[in-house]
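Engineer: Handing you this structure, nothing more for now.
The values are calculated or read from the model by the stated rules, or taken from the named source; none is laboratory data. Values in this document were obtained by computation on a predicted structure and should not be read as measured data. Backbone-built Cβ (ideal geometry, glycine too); neighbour counts: all protein chains shown.
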Amino acid sequence: MGDLFKENWKYILAALAAPALVMAISAKLKAQAMPKSNVYSNLRAFLTMIQYAEGTYGANAYRMLYGGQLFNSYAHHPHVAITKGGITSTAAGAYQILFRTWQGVQQDLGLTDFSPASQDRAAVELIRRRGALEDVIAGRFELAIYKCRQEWASLPGAGYGQSERSMASLVQVYQYAGGQIAA
């Protein structure tokens, strides 16, 4: 599965922005014995779980600033430093991406805005950079959480001094969102 993933990760990223693309690559995925539904559903469920963990899940997820305030324009990352509970952060959007992190991902992926589609693509890229994307797709949930814990402060074992969600609650949200955990 490793080689298959390395060849197709850009298509998977694009599929988040355009679900119809999943149809275009489904024949190739099926031919290589990787169910299309697992690629999309496990990844989507993992992204939903991150939103839950970061406290952004809901109608305003993609407009959320650190601390719960909302921003109004998707033209760019809001780059607003907010202090709450003794912690100052520029985290914004559904995945609470720091401004500095956003700058690098935006440049690497050629993102032109901070729209929901761009935020989704950025989150997938951050998962990939942590070496967890194959684990997410394959349903190796706890291993993916372990690898991503330094990216998202709310994941168990992150160690940033912020509130961390329990593994049990994350599993529950992931499975409710359609994710399947590998046996």
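Engineer: Against the conditions (1) surrounded by 19 or more Cβ atoms within 10 Å (Cβ to Cβ); (2) under 18 Å from residue 94 (Cα atoms); (3) touching a helix residue (DSSP H, G or I) at 6+ places or on another chain (Cβ under 6 Å), where does residue 145 fall short? Just the number, please.
Structural biologist: Single failed check for residue 145: (3).
Engineer: Continuing with this model, one more query. What pairs come up if the first residue lies in region 162-178 and is in contact (Cβ under 8 Å) with a residue 40 or more places away in the chain, the second is assigned to a loop (DSSP other than H, G, I, E, B) and small (Gly, Ala, Ser), and their beta carbons are under 7 Å apart, counting only those six or more places apart or on different chains?
Structural biologist: Close Cβ pairs satisfying both conditions: 162/153; 162/154; 165/154.
Engineer: Then there is this: Assess whether residue 45 counts as being at pLDDT 55 or above and under 16 Å from the mean Cα position of the chain (by Cα).
Structural biologist: Yes, satisfied.
Engineer: Same structure, new question: On the basis of being within 20 Å of residue 174 (Cβ to Cβ), touching an Asp or Glu at 6+ places or on another chain (Cβ under 9 Å) and not charged (D, E, K, R), does residue 75 make the cut?
Structural biologist: Numbers: within 20 Å of residue 174 (Cβ to Cβ): no; touching an Asp or Glu at 6+ places or on another chain (Cβ under 9 Å): yes; not charged (D, E, K, R): yes.
Considered against the rule, which asks whether it is within 20 Å of residue 174 (Cβ to Cβ), touching an Asp or Glu at 6+ places or on another chain (Cβ under 9 Å) and not charged (D, E, K, R), residue 75 comes out as no.
Engineer: Within region 67-181, considering only helices (runs of 4 or more DSSP H) that don't extend past its boundaries, which have at least 3 residues that are within 20 Å of residue 40 (Cβ to Cβ)? Lay out the reasoning, then the answer.
Structural biologist: On the way: elements: 99-109, 116-129, 133-138, 141-148, 167-176.
In region 67-181, the matching helices (runs of 4 or more DSSP H) lie at 116-129, 133-138, 141-148, 167-176.
Engineer: Only one residue in 90, 101 is touching an Asp or Glu at 6+ places or on another chain (Cβ under 9 Å), modelled with pLDDT of 95 or more, closer than 29 Å to residue 73 by Cβ and among the hydroxyl-bearing types (Ser, Thr, Tyr). Which one?
Structural biologist: On the way: 90 fails: touching an Asp or Glu at 6+ places or on another chain (Cβ under 9 Å).
When all the criteria are applied, what remains is 101.
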